[in-house]
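Notes follow once the structure below has been shown.
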Amino acid sequence: MNINLLIQLLIVLEESPNSRAVVTELERVIDDSGFEYYGLLRHLPQNPVQRNPEPRAAALADRWPEQWPQIYSAKKYVMIDPMVRYLAHAQRPFRWRESLAAFGKDAQRRRMEQMMVDAFGHGLEDGYIFPVHGRNGILGSLSLAGKPVELSPVEIALFEAVARKSFWRLLELKDEAQALESVLPADTPLTRREMEILHYLAEGMTSMEIGKVLKISNHTVDWYMNGLQNKLKAKNRQQAVALAFRHRLIS
């Protein structure tokens with residue numbers, strides 16, 4: 001693979017005028033690099049009060065074998081996918097086989113192996129994953145897959161840069177980058193009671209319902225909520241909850 005293509009892509013992505021141009025240029029270099037499939041994902045924070053433990057991610061751009069996404073979902077592979085589990089703690093890019101090797105004694109090892117066999121049968125024989133990190137952990141990732149491709153350390157480093165640039169450029173073009181980069185001021189920590197109320201608000205409870213659970217009046221709940229909105233610089237309760245998730249206060 002021509003390293004110059006990756007370097008040139010980093011420049012082109014910065015100058016791409018719209019999302020379609022970003023995806024077109026990214027796919028061109030992925031194809032030239034020998035990969036048939038890919039996925040550029042934005043990882044979404046989890047709500048701890050939700051009973052559904054499935055990891056959540058949204059595709060910014062992707063291309064997978066026909067029927068594979070449906071099979072992956074139907075068989076609930078996301079619950080045992082070694083790449084997904086490994087990615088949660090990975091600080092650097094890794095190859096698929098590295099993640100499988102890390103769970104050699106895991107109780108779900110046989111299901112993991114079955115998933116890999118299933119993926120192989122759909123043309124996903126090998127792949128790499130490049131994490132995109134932010135201040136509070138993983139924000140997204142770029143997966144490259146298909147036939148086995150041997151990337152050099154320099155190529156891996158450049159693809160890691162491409163993953164970050166593609167991720168942030170697409171968010172910039174969607175006007176979502178600034179909100180994701182924003183941080184809660186360090187001098188405005190939330191109290192235990194405020195955190196409790198945020199959790200219940202995230203479940204969709206009203207002030208009266210929260211008051212009954214916490215054994216305080218709904219007026220007291222409203223008083224706490226006003227303080228929360230001021231601390232989070234939120235216009236309303238819905239935005240306060242959204243900002244709390246974004247800052248991982250309730251993630």
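Readers should treat all values here as calculations from the given coordinates under stated rules, not as data from a laboratory. Predicted model, so just to flag it, every value in this text is computed and none were measured. Here the Cβ positions follow ideal geometry from the backbone for every residue, glycine too, while neighbour counts run over all protein chains shown.
Values computed for the structure shown
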quantity: Debye, to nearest 20: dipole size of the chain, +1 on Lys, Arg Cβ, -1 on Asp, Glu Cβ; calculated: 1120
quantity: Charge dipole of the chain about the Cα centre (unit charges at C-beta), most positive-ward option of 96, 44, 17; calculated: 44
quantity: Surrounding net charge for residue 21, when Lys and Arg each add one and Asp and Glu each subtract one, Cβ distance under 14 Å; calculated: 0
quantity: Over the range 53-116: Kirkwood hydrodynamic radius from C-alpha pairwise inverse distances, Å; calculated: 12.8
quantity: Amide H contacts under 5 Å for residue 126, placed H, 5+ residues apart; calculated: 146
quantity: Nonlocal amide H pairs with residue 134, under 5 Å, H built at 1.01 Å; calculated: 139
quantity: Filtered trypsin sites (Lys or Arg not before Pro), the range 99-151: DSSP coil and at most 14 other beta carbons within 10 Å; calculated: 105, 135
quantity: Relative pair counts by distance (%), Cα atoms of the range 85-124, 5 Å bins; calculated: 6, 21, 29, 24, 16, 4
quantity: Pairs of alpha carbons in the range 192-244 whose separation is greater than 15 Å (percent); calculated: 34
quantity: Cross-link table 174/233; 105/147; 165/233; 212/233, entries beyond 24 Å C-alpha to C-alpha; calculated: 105/147; 165/233; 212/233
quantity: Residue range of the chain that is longest and free of GluC sites (Glu not before Pro) which are both DSSP loop and sparsely packed (at most 15 other C-beta within 10 Å); calculated: 67-149
quantity: 20 Å tail of the calculated P(r), the range 57-206, as % of Cα pairs; calculated: 60
quantity: Computed over the chain: relative contact order in percent, which uses C-alpha pairs under 8 Å that are six or more apart; calculated: 22
